[in-house]
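**Q** Dropping the structure in here first, questions after.
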Amino acid sequence: MRVYFVTALPVSRVIQCKARAFLSIGAVSLKECALALGPVWQRGWLGAAIVGLAGAGPGWADAVGAVSAVQLLREGGCGGMVPAARPLQHNPVLDRAAELWAGGSSPMMAAEHSGYDARATASLHIRGPEASTVQLLRHEGCRTLTDANFREIGAYRRGVDTWIVLASADLVPDGSQAPGLARRVLELVNGVRARGARCGSRSLSPAPALAMNETLASVAHGHAFDMAQHDYFEHEDPAGRSPADRVRAAGYRDQLVGENIAYGPNSADEVVQGWLDSPGHCENMMDPRFTEMGIAYAPGRATKRGLYWVQVLAAPRT
């Protein structure tokens, strides 16, 4: 048997044993399965299920044994070797990605051409009889195989070769989540300001809490949307306007304006941490002269599908 690893994984005998017993597509003794899977399965191995069989194509029918093995090893933690992980959802789009990979595309290009917007992927090619699938998976790829970050699976089998793709979609928050994410950013920023922070080599003292300002939030959204629509990532927009220019054009009377931008994070916690890890952005957030802020995000287009974030900080003129 030959196994080809693309981002880390592998295969073994217990999987096929489980798949056949669970799906009733082969005569395999329950005792044999339990012994192969180890102590966890001896206590109760029927707890795994194949999720999402609907819509499967012909390549999937041939690859069911390998996918079932992945499901069972995840739930059993590879026989107790690693923490258990929840079963994966079968996605026919990933079946197509596995088929494209089998046809000569790279795994990354296969996922992209199949139309799957992946946040993370792992791809595995095995060659050999189904009976050897589980042992290799269990002994050589348990950590990747049971990675809790993966949510979906697809597979394709041709002859003695099987291609398996694990992935999790790049889930972009929709507009309905914006108010909650804005509150979370404000909570995190004010928590840091209350404690004080180290920004690069500088230790900054605690600062007063910021208040959310709707005008600043509107300005932040306008710039985030503009960057997303026109595929750029700058503080100055194509019209040559600075953050202060945009704030004043919205009718906000300021004495000081600052701005942080980011591209990529899908959560409030991630974007705030990214800014804290950058000395300049961190100093902006900790500046005691700022008293108000606005925060917004917008999803990118075409090849840049992540989120564009904009935080506008300001002190109103008194």
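The values are calculated or read from the model by the stated rules, or taken from the named source; none is laboratory data. Only a predicted model underlies this, so the values are computations on that prediction, with no experimental measurement involved. Positions of Cβ are generated from backbone atoms using ideal geometry, with glycine treated the same way; all protein chains shown enter the neighbour counts. Accessible surface areas use protein heavy atoms only, side chains included; no ligands, DNA or RNA. Shrake-Rupley method; radii C 1.70, N 1.55, O 1.52, S 1.80 Å.
**Q** So is Val272 closer than 19 Å to Glu214 by Cβ and not small (Gly, Ala, Ser) or not?
**A** no
**Q** Also: Criterion first (acidic (Asp, Glu) and under 18 Å from Leu307 (Cα atoms)) does Glu214 satisfy it?
**A** Judged against the criteria, Glu214 is not a match.
**Q** Sticking with this structure for a sec: Do you know which residues across the stretch 220-260 are out of contact with any Gly (no Cβ under 6 Å at 6 or more places or on another chain), within 23 Å of Leu307 (Cβ to Cβ) and part of a helix (DSSP H, G or I)?
**A** His221, Gly222, His223, Ala224, Phe225, Asp226, Met227, Gln229, His230, Pro243, Arg246, Val247
**Q** With the condition kept exactly as written, say whether any residue in the stretch 57-67 is modelled with pLDDT of 50 or more, under 23 Å from the mean Cα position of the chain (by Cα) and open to solvent by less than 70 Å² (accessible area, probe 1.4 Å).
**A** yes
**Q** If you don't mind, another one. Of everything in the stretch 296-318, what is crowded, with 16+ Cβ neighbours inside 10 Å and more than 27 Å from the chain's Cα centre (by Cα)? Give them in sequence order.
**A** Leu313, Ala314, Ala315, listed by residue number.
**Q** Any residue in the stretch 229-248 that is without any contact (Cβ under 8 Å) to a residue 40 or more places away in the chain, open to solvent by 50 Å² or more (accessible area, probe 1.4 Å) and either among the polar types (S, T, N, Q) or under 30 Å from Ser68 (Cα atoms) (or both)?
**A** Scanning the stretch 229-248 turns up no residue that is without any contact (Cβ under 8 Å) to a residue 40 or more places away in the chain, open to solvent by 50 Å² or more (accessible area, probe 1.4 Å) and either among the polar types (S, T, N, Q) or under 30 Å from Ser68 (Cα atoms) (or both).
**Q** Same structure, new question: Would you check which residues across the stretch 107-164 are open to solvent by 10 Å² or more (accessible area, probe 1.4 Å), closer than 16 Å to Gln89 by Cα and in contact with a His (Cβ under 9 Å, 6 or more places away or on another chain) and list them?
**A** The one that is open to solvent by 10 Å² or more (accessible area, probe 1.4 Å), closer than 16 Å to Gln89 by Cα and in contact with a His (Cβ under 9 Å, 6 or more places away or on another chain): Glu152.
**Q** Continuing with the same structure: Suppose we filter Met212, Met293, Met285 for residues that are open to solvent by 70 Å² or more (accessible area, probe 1.4 Å) and under 12 Å from Leu313 (Cβ atoms); which single one remains?
**A** Testing whether each residue is open to solvent by 70 Å² or more (accessible area, probe 1.4 Å) and under 12 Å from Leu313 (Cβ atoms) leaves just Met212.
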